[in-house]
Structure formats: structure tokens, C-alpha cells
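Read the structure below first, then the notes.
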Amino acid sequence: MENGPIKKIDIQQGDIIRLKVDAIVNAANTSLLGGGGVDGAIHRAAGPQLLAECKTIGGCPTGEARITKGYNLYARYIIHTVGPVYSGEQKDSQLLTRCYRNSLKLAGDHDVTSLAFPAISCGVYGYPITKACKIAVDTTISFLKDNPSMEKVIFVLFSSDDDGVYKDYISEISAR
Ligand code: ADP
């Protein structure tokens, strides 16, 4: 495969709130009023002004994305997207693809040139990491091909197992 877009992708194990990027993506729920997992961590780190701004948005349907300021985070923006609860049906992959595409598009619209994603839907929402990883990486590569102003997309994985899944997939597609 042509290597340019892949070179703009980084895989890192760690906590997404520490990332020094223009924007981080939050795996939110449809209320946008906070929750557990990565959502809770982002709200705690960004501070109470984030919840105040989220309350003015009025929620977000599954597969769509909304943007707020980053407040106490290093990141200038937080892009909140709502992944599907895994059901095993075909609509799961369509909705998860839309999460990545809409998040990337919103980032580009706000002149974000570096963006970090958690593994959307892969916690409480139960999406299998191997399937979700392919959707995340393939959707990002196709966006990067069409949007050269995006310089860096980082996938931040909380567990070393998930980090391994992403690194293996990047190796696999790099060898194609
Ligand atoms: P969802 O409801 O979309 O499944 P979760 O927050 O439950 O969202 O989990 C999404 C992924 O984010 C999981 O793989 C989880 O391990 C991971 N995660 C949780 N906290 C953090 C964090 N601080 N930084 C990066 N990833 C995180």
C-alpha cells in the first residue's frame, strides 16, 4: 500500500487525557452529559466547564460527532462521538465507521492537524477490538488520503493487548 497516510498514524498505549495534540476524541453517550470509562476521565481532567458546555449542545445521535473546547486539557478541542452498542448486526460497522469519519471531518473543519482517538465502543459498549481496529484504521487512512492537511492521527489504547492488536494491524497493512 502507498505509505504516506500510514506514516501519519501512531499507535500508543496510555491515557488519552495526556496527549499533546490539537484535539482528542471522546467516546461519549447520546446525552453528552458524561459517563464512565474514557468519558469520565476526560470530564474529570477537562473540568466542570466541559459539562456546562455539553449541556448546551442537547445530545448527539449515535454515529455523529460534536465539538467543544478542551478547557483544562492540553488539547484545544474535544470531539465527542457516540459509538454503537455492539449488537453483532451489520449496522454496528456502519455506525462505527461514521463515528470515525464524522470525527475526522469535524477536526478538519476546525483546522485541527493532530488528533487522538480512544477505542470507541470497545469498553462498556462491547465492540470486539479486532473488528473495531480495522474500521478505525481503514476509515482514517481513507480520510488522510483525501485530506493532506491532517498531519497526525494517534490511536491511544488503554490496555497493552489492545495496543498489540492495533500495532499488528498496522504491520499487516504496511506489508501489503
Ligand atoms: P464505550 O462506551 O464507547 O465502549 P468506554 O469508555 O467504556 O467507551 O471504552 C472505550 C475504550 O476506551 C476502552 O477500550 C477503554 O479501555 C478505553 N479507555 C478508558 N479510559 C481511557 C483513557 N483514559 N484513555 C484512553 N483509553 C481509555
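The values are calculated or read from the model by the stated rules, or taken from the named source; none is laboratory data. What you see is a predicted model, and the numbers here were worked out from it, not measured in a lab. FYI the Cβ positions are ideal-geometry reconstructions off the backbone, even for glycines, and counts take in every protein chain you see. These accessible areas exclude ligands, DNA and RNA; they are computed on the full protein's heavy atoms, side chains included. Shrake-Rupley method; radii C 1.70, N 1.55, O 1.52, S 1.80 Å.
Which members of region 83-93 meet the condition of being more than 10 Å from the chain's Cα centre (by Cα) and within 16 Å of the ligand (Cβ to nearest atom)? Spell out how you get there, then give the answer.
Keep residues of region 83-93 that are more than 10 Å from the chain's Cα centre (by Cα), which gives 84-93.
Residues satisfying the conditions are Pro84, Val85, Tyr86, Ser87, Gly88, Lys91, Asp92, Ser93.
Tyr74 fails exactly one of the following numbered conditions: (1) outside any loop (DSSP other than H, G, I, E, B); (2) out of contact with any strand residue (DSSP E or B) (no Cβ under 8 Å at 6 or more places or on another chain); (3) more than 21 Å from Thr140 (Cα to Cα). What is the number of that condition?
(1)
Mind checking whether some residue in region 114-122 is at pLDDT 95 or above and away from the ligand (no atom under 13 Å from the Cβ)? Can you show your working first?
We begin by selecting, within region 114-122, every residue at pLDDT 95 or above; these are 114-122.
Now drop any that are not away from the ligand (no atom under 13 Å from the Cβ), which leaves 114-115.
The answer is yes; a qualifying residue exists.
Any idea which residue in region 17-36 is nearest to the ligand (Cβ to nearest atom), counting only those that are of a type in the set (Val, Ile, Thr) and open to solvent by 10 Å² or more (accessible area, probe 1.4 Å)? Lay out the reasoning, then the answer.
First pass over region 17-36, keeping only residues of a type in the set (Val, Ile, Thr): 17, 21, 24-25, 30.
Subsequent filtering for residues that are open to solvent by 10 Å² or more (accessible area, probe 1.4 Å) retains 17, 30.
Working: Ile17: 6, Thr30: 11 Å.
Applying the filter and picking the extreme gives Ile17.
Is there any pair linking a residue in region 97-122 that is under 12 Å from Ile79 (Cβ atoms) to one that is part of a loop (DSSP other than H, G, I, E, B) and open to solvent by 10 Å² or more (accessible area, probe 1.4 Å), with Cβ under 6 Å and at least six apart or on different chains, and which?
What qualifies is Asn102/Glu64; Gly108/Asn147; Val112/Asp22; Ala116/Leu19.
Scan region 143-176 for residues that are open to solvent by less than 80 Å² (accessible area, probe 1.4 Å) and in contact (Cβ under 8 Å) with a residue 24 or more places away in the chain and report the count.
Quick first cut of region 143-176, residues open to solvent by less than 80 Å² (accessible area, probe 1.4 Å) only: 143-144, 147, 150, 152-157, 159-160, 162-166, 169-171, 173-174.
With the extra rule that they be in contact (Cβ under 8 Å) with a residue 24 or more places away in the chain, the set shrinks to 143-144, 147, 150, 152-157, 159-160, 162-163, 165-166, 169-170, 173-174.
Going through region 143-176 one residue at a time, the tally reaches 20.
Just to be sure before I move on: is Thr56 in a helix (DSSP H, G or I) and either open to solvent by less than 20 Å² (accessible area, probe 1.4 Å) or more than 16 Å from Val156 (Cα to Cα) (or both) in the structure I sent?
Criteria met by Thr56.
From Ile11, Ile42, Ile6, grab the single residue that is modelled with pLDDT of 95 or more and within 9 Å of the ligand (Cβ to nearest atom). Reasoning before the result, please.
Numbers: Ile11 fails: within 9 Å of the ligand (Cβ to nearest atom); Ile6 fails: within 9 Å of the ligand (Cβ to nearest atom).
Among Ile11, Ile42, Ile6, only Ile42 is modelled with pLDDT of 95 or more and within 9 Å of the ligand (Cβ to nearest atom).
Only residues that are more than 16 Å from the ligand (Cβ to nearest atom), in contact (Cβ under 8 Å) with a residue 24 or more places away in the chain and among the hydrophobic types (A, V, I, L, M, F, W, C): list them for region 45-82, please.
Hits for region 45-82 are Ile57, Ile67.
Restricting attention to region 56-69, does a residue exist that is within 23 Å of Gly126 (Cα to Cα) and β-branched (Val, Ile, Thr)?
Initial filter on region 56-69 (within 23 Å of Gly126 (Cα to Cα)): 59-66.
The next check asks that each one be β-branched (Val, Ile, Thr); those that pass are 62.
Yes; the residues of region 56-69 include at least one that is within 23 Å of Gly126 (Cα to Cα) and β-branched (Val, Ile, Thr).
In region 119-176, which residues are of a type in the set (Gly, Ala, Ser) and part of a loop (DSSP other than H, G, I, E, B)? Lay out the reasoning, then the answer.
Step one: filter region 119-176 for residues of a type in the set (Gly, Ala, Ser), giving 119, 121, 123, 126, 132, 136, 142, 149, 159-160, 164, 171, 174-175.
Those that are of a type in the set (Gly, Ala, Ser) and part of a loop (DSSP other than H, G, I, E, B): Ala119, Ser121, Gly123, Gly126, Ser149, Ser159, Ala175.
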